[in-house]
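Accompanying notes for the structure given below.
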Amino acid sequence: AEKLPSGNWRMRVSYKDPEGNFKTKSFTAPTKAEVKRIAAEFDAVKDIPKPQKTVRDVIQEYIELSDVLSPTTLSSYRKILRFAFPDIMDLKVSDLTDTVMQAAINKECKRTGEHSKKTISPKTVKNEWGLVASALKTVCGMQFNIRLPKVQHKNEDLPEPRTILDAITGTPVELPCLLAMECGLRMSEVRGLMCSSIKGNTLFIDEVLVDVDGVETRK
């Protein structure tokens, strides 16, 4: 075990895979005793044949490990499983390489949305990759050297307040629009308001109302 500049400890285990290829696996931990324990556990089981997991399997396992995810996050993860990176979702993790992953990202950048029929944004690709990368790192200890598309930041030109007021005055959306304009509330926060949200002269944002898989969900 060796101490790193960060203060953590690192230990490497060298072994041969089932095909006879020489491999080295690196482990890090905050203490020397902890990294030695982790390395010893791996050394004890490295020769035991393991079922080949697919990328989909790994993501599902990662989701099950994360038992504090919000309903909206779970919904977005399920959506990624259904639509994102179709070329690699059912690949065995042992077949993944930097080249394979980069090709999948490049193709994903050209995918059209299931509803909008427009090419998905670089931000969407980045978020999708965030789940895939986190799952593979957490469950399998795998990391990849890839390039993600550059996210373009847009400055939206908003209409003048008087233009908005003229459009909403006397309509059913006047109050929620005023709350958004004057108090900076998000749509989910406006939707979550109830009479009990007002206590004295203060408006408390206690809950939000969001759509999860087409169903209104309060959280």
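Here are some notes:
- Charge dipole (the chain, unit charges on Cβ, about Cα centre) - positive-most of T73, F22, T138: F22
- Computed from label points 7 Å out along Cα-Cβ, the spacing between F83 and V13 is 4.0 nm.
- Note on the stretch 109-219: with neighbouring protein chains present and a 1.4 Å probe, carbon and sulfur make up 53 percent of its accessible heavy-atom surface.
- With all protein chains modelled, accessible area of F144 [1.4 Å, Å²]: 40 Å²
- Length gained on full extension, M181 to F42: 44.4 nm, using 0.36 nm per residue less the C-alpha separation.
- Straight-line cross-link partners of K16 among the aspartates and glutamates, defined as a Cα under 13 Å from its Cα and at least 8 positions apart when in the same chain: D43, D47.
- Dipole in debye (nearest 20) - the chain, about Cα centre, beta carbon charges: Lys, Arg +1; Asp, Glu -1: 920 debye
- Listed cross-link partners K32/K92; K79/K219; K92/K219; K3/K123 are compared with a 26 Å cut-off, the Cα-Cα value being larger for K32/K92; K92/K219; K3/K123.
- Ligands, DNA and RNA aside, D43 has an accessible area near 70 Å² when probed at 1.4 Å.
- Note on D157 and I205: with the Förster distance fixed at 45 Å, the Cβ-Cβ geometry gives a FRET efficiency of about 0.95.
- Length gained on full extension, R111 to Q52: 18.4 nm, using 0.36 nm per residue less the C-alpha separation.
- Computed extension length for R147-K23: 42.1 nm, one decimal, from 0.36 nm per residue of separation with the Cα-Cα distance subtracted.
- Evaluated with a Cβ-only charge set (Lys, Arg +1; Asp, Glu -1), the stretch 32-124 carries a dipole of roughly 460 debye about its Cα centre, given to the nearest 20.
- Calculated [222 nm] ellipticity per residue, helices only, for the chain: -12000 deg cm²/dmol; basis is -39500 (n - 2.57) per DSSP H run with n ≥ 4, divided by all residues, nearest 500.
- Taking max minus min of the alpha-carbon positions on each principal axis, the chain gives extents of 76, 43, 34 Å, largest first.
- From largest to smallest, the equivalent ellipsoid semi-axes obtained for the stretch 1-123 from the alpha-carbon gyration tensor read 34, 19, 15 Å.
The values are calculated or read from the model by the stated rules, or taken from the named source; none is laboratory data. The structure displayed is predicted, hence computed values, not measured ones. Quick reminder, even Gly has a Cβ in these numbers, built from the backbone with ideal geometry, and neighbours come from all protein chains shown. Just so you know, the surface numbers come from the protein's heavy atoms only, side chains and all, with ligands and any DNA or RNA stripped out. Shrake-Rupley method; radii C 1.70, N 1.55, O 1.52, S 1.80 Å.
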